[in-house]
1. Looking only at the range 146-169, count how many residues are touching a helix residue (DSSP H, G or I) at 6+ places or on another chain (Cβ under 7 Å), within 16 Å of ALA221 (Cα to Cα) and either open to solvent by less than 40 Å² (accessible area, probe 1.4 Å) or not aliphatic (A, V, I, L, M) (or both).
2. Report whether or not ASP68 is touching an Asp or Glu at 6+ places or on another chain (Cβ under 8 Å) and within 20 Å of GLY101 (Cβ to Cβ).
3. List, please: which pairs have Cβ atoms under 6 Å, are six or more places apart or on different chains, and start with a residue in the range 113-128 that is surrounded by fewer than 17 Cβ atoms within 10 Å (Cβ to Cβ) and end with one that is among the basic types (Lys, Arg) and at pLDDT 95 or above?
4. When the range 97-116 is examined, which residues are found to be part of a helix (DSSP H, G or I) and either at positive phi or touching a helix residue (DSSP H, G or I) at 6+ places or on another chain (Cβ under 8 Å) (or both)?
5. Scanning for something over 15 Å from the mean Cα position of the chain (by Cα) and either open to solvent by less than 50 Å² (accessible area, probe 1.4 Å) or at pLDDT 95 or above (or both), does the range 254-263 turn up at least one residue?
6. Within the range 2-41, which residues are outside any loop (DSSP other than H, G, I, E, B), exposed (fewer than 12 other Cβ atoms within 10 Å of the Cβ) and at pLDDT 95 or above?
7. Using the structure shown, decide if ALA251 is surrounded by 16 or more Cβ atoms within 10 Å (Cβ to Cβ), touching a Gly at 6+ places or on another chain (Cβ under 9 Å) and either of a type in the set (Val, Ile, Thr) or at negative phi (or both).
8. Could you tell me which residue of the range 228-245 is surrounded by the most Cβ atoms within 10 Å (Cβ to Cβ), considering only residues that are of a type outside the set (A, V, I, L, M) and closer than 25 Å to TYR36 by Cβ?
Amino acid sequence: MTSTSLNVWTADPAQTLRVGDGFRLADVDTRATPGYGHGKHRGSADLARGADVLDGLQERLHASSREDPEAPAVLLVLQAMDTAGKGGIVRHVIGATDPQGIMLHAFKKPTDEELAHDFLWRVEKQTPRAGFIGVFDRSHYEDVLIGRVRQLAPADEIERRYGAINDFEARLTDTGVHLVKVMLHISPDEQKARLGERLDRPDKHWKYNPGDIDERMLWPAYMDAYQTVFERTSTVAAPWFVVPADRKWYARLAVQELLLDALERIDPHWPRAMFDVAAEKIRLAAS
């Protein structure tokens, strides 16, 4: 638990939400608020307070790379069914930080060029540089989720990809990238309500995709695919966290706390001045 959240959380989200042995996605209550005993009003206030801390830590992380070209980085991987709130996390959590220190990439349907390479080819090019927080809005996990459900690759290729993902993420962590892999877990009823809202509001029509209904029809297959992902790719160095997401305010607060935990473990420091501070003060006074 981070030093900034000792009076906020009753249980550490980095432990409570972590996928461990025996985890079953079907057992997760999507409306629950694990480790947090307050409501939406207090949650909004705590999110605002945490935003100031996150902003400060991110600035220190970004600044540290000026002195250390091998400074750590953070990669937030966001996976979810449609409408679960990935955009809200980017806007309300990541949006509180300096965009100069953020590398955001939303993975769409692969292009012909990308399909001509291994599935990780396009992903490796988007990993965060030293001192940055990277955000994947969807990610390499699409290739073992929709790839499996929609049978976009042979079964033996899907099987190979789990190991390739583990090797890829191990390489990242070995080079100082701290992975925060989050599945925002929404219920089909809540998704239906959110899709309905998009249809009811003209200002939300641009967010609606008729294909979302087609994917809803495959909900059990997607849940099975996610369960396999957790069993095969939640590792000690790169664990998965499953965040109940029917309550948007809780999901944002929980992801913010997971990022704060990663940054406080890094404990970035301000770089040393590469000039004589006293001399520069004299020069400034005389200018």
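1. Matching residues across the range 146-169 total 5.
2. No: the conditions fail for ASP68.
3. Here the result reads GLU114/ARG122, each pair linking the range 113-128 to a residue that is among the basic types (Lys, Arg) and at pLDDT 95 or above.
4. Step one: filter the range 97-116 for residues part of a helix (DSSP H, G or I), giving 99-101, 112-115.
Hits for the range 97-116 are GLN100, GLY101, GLU114.
5. Our first condition is that a residue be over 15 Å from the mean Cα position of the chain (by Cα); within the range 254-263, this holds for none.
No; the residues of the range 254-263 include none that is over 15 Å from the mean Cα position of the chain (by Cα) and either open to solvent by less than 50 Å² (accessible area, probe 1.4 Å) or at pLDDT 95 or above (or both).
6. ALA26, ASP27, HIS41
7. On the way: surrounded by 16 or more Cβ atoms within 10 Å (Cβ to Cβ): yes; touching a Gly at 6+ places or on another chain (Cβ under 9 Å): yes; either of a type in the set (Val, Ile, Thr) or at negative phi (or both): yes.
Yes; evaluated as a whole, the condition is true for this residue.
8. As a first pass, look at the range 228-245 and keep what is of a type outside the set (A, V, I, L, M): 228, 230-235, 239-241, 244.
Keeping just the survivors that are closer than 25 Å to TYR36 by Cβ gives 230, 234, 239-241, 244.
Numbers: PHE230: 18, SER234: 19, PRO239: 17, TRP240: 24, PHE241: 21, PRO244: 20.
By that ranking, first place goes to TRP240.
The values are calculated or read from the model by the stated rules, or taken from the named source; none is laboratory data. This one's a predicted model, so the numbers in the text were calculated from it and none came from an experiment. Heads up, the Cβs are rebuilt from the backbone with ideal geometry, glycines too, and the neighbour counts pull from every protein chain shown. Please note that ligands, DNA and RNA were not included when accessible areas were found on the heavy atoms of the full protein model with its side chains. Shrake-Rupley method; radii C 1.70, N 1.55, O 1.52, S 1.80 Å.
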